[in-house]
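Here's the structure we're looking at; comments come further down.
The values are calculated or read from the model by the stated rules, or taken from the named source; none is laboratory data. Values in this document were obtained by computation on a predicted structure and should not be read as measured data. Cβ atoms come from the backbone with ideal geometry, glycine included; neighbour counts cover every protein chain shown. Only protein heavy atoms, including side chains, enter the accessible area calculation; ligands, DNA and RNA are left aside. Shrake-Rupley method; radii C 1.70, N 1.55, O 1.52, S 1.80 Å.
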Amino acid sequence: MSTPRTPGPADPGGFVPADRALTAEQRAEYERLRRAAGVRHRRLRQAGASVLLVLTLVLAPLAVVAAWVQDTVSDTDRYVQTVAPLASDPAVRQAVIDKLTARVVADVDVEAVTDALGEALADAGAPPRVVEGAEALAGPLRSAVTDVVHRVVSGVIDSDAFPQAWGGSNRRAHAAVLGMLTGEREGALSTTGDTVQLDLGPVVDQVRERLVDAGFERAAAIPDTDRTITLFRTEKLDRAQDAMLLLDVVGTWLPVLAVVLAALAVWTAVRHRLMLLVTALGVAAAMALLLVALAVVRRVYLDSVPEAALPPDAAAAVFDTFLRFLHDSARTLLVVGLLTATAAHLYGPGRIARRVRHLAGRGAAAAGRALGRAGLRTGAAGRWAAGHRAWITGVVVGAGALTLVLWNHPTVGAVVLVLVLVLVVLAAVAVYAAVDPGGPDAGREHAAPS
């Protein structure tokens, strides 16, 4: 039979035989060293959690942008879905109409027509005043030609043909979108100097055919050049291309890394609930800063686009439409962060949190007792639910979180919907567990850890 051993400094393993009892001084020293070791361990854990939290908050906005680049630009259907509304935007349509009208009218030599008319009148012996009057017809004639061309072009742009041509052009040009991010100069969407341009060749072809059918035979001579519309203009396009290329490369793994770091920060921290609250608030703050940064970039972009290249309202429509999914993602994560922080707070020891839990528990118990008086019996299932409320709550919350993860591009509305469903299920479980008054936890409030 082995000799009992008790903790002590005499043994390298921390134990001494029972017949060698520690003195009071030795016991005090042992307890001091043990407390010091515990303090060092907690400090190390807290330091590690703090580092992980900082990394999470730094990577969170980058992960959102990287995911947007990877998803919106690398997926053809998603990209076409992103730019499709531009074909119906009034400002963009008007910009296309004005550009194509000006291009067609520029190919109509109005001065040559008036000169020929003047020569014909002079040869016919018309008075000099009449000949000079023919030359003065240049302005009204150009205005009339502009009106007719504008109507024809507007008819094409306002018809169903334009959205179809717009969508088809963008779908065929999807490979060129990737080329724009990498700085390649090819495809329907290309970069030229400090601009990003979209080729509207199919639309120009339709305008040309309609003008010829309307009697403007010279429209057939409209060249195939200058058929583009400027989407973006920036002096730092090369830098943006480099940044976007890098984000595209890491777009798949950066969001995963950010989530893993956030989970590790919460798991490593000494006080898990408090770290979850801080992390959620930090992510919400990071998303708010991202939205502010996007607003600043929008202002800079609008100021950098000359009105001659793209009117301000059309430029704003292009920017807002192209980045709307990025805005949606940032707003969604902002709401998720605030809701998570609220849940973490309500699970804590604060007075308001305890009051909310107490009122919720009393309400569920009252509803359960009312159902019990009405004749409902839950039996063993109800007692099991009452004894495993914590596990059921974790499963329901986890299912809600998994639903959002698997949801294809969740919006704020989707988050609110999932939250409502989770609360309804948890309320139903609480009422169900309170129906049977014989349940082990009936009517008893569970205190949450701090």
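The test for being modelled with pLDDT of 85 or more and surrounded by fewer than 14 Cβ atoms within 10 Å (Cβ to Cβ) does not hold for I392.
Does L294 satisfy the condition of being touching a residue at least 12 places away in the same chain (Cβ under 8 Å), open to solvent by less than 30 Å² (accessible area, probe 1.4 Å) and part of a helix (DSSP H, G or I)? Yes, satisfied. The single residue among L338, L326, L346 that is free of Cβ contacts under 8 Å to residues at least 12 places away in the same chain and in contact with a helix residue (DSSP H, G or I) (Cβ under 6 Å, 6 or more places away or on another chain) turns out to be L346. Those residues that are more than 30 Å from A66 (Cβ to Cβ) and surrounded by 20 or more Cβ atoms within 10 Å (Cβ to Cβ), I need them from segment 313-366; list them, please. Of everything in segment 313-366, those that are more than 30 Å from A66 (Cβ to Cβ) and surrounded by 20 or more Cβ atoms within 10 Å (Cβ to Cβ) turn out to be A364, A365.
Where helices (runs of 4 or more DSSP H) sit wholly within segment 320-427, those with at least 1 residues that are within 30 Å of L291 (Cβ to Cβ) occupy 324-346, 351-373, 389-406. Restricted to segment 394-425, and to residues there that are over 20 Å from the mean Cα position of the chain (by Cα) and among the small types (G, A, S), the residue that is farthest from T332 (Cα to Cα) is G394.
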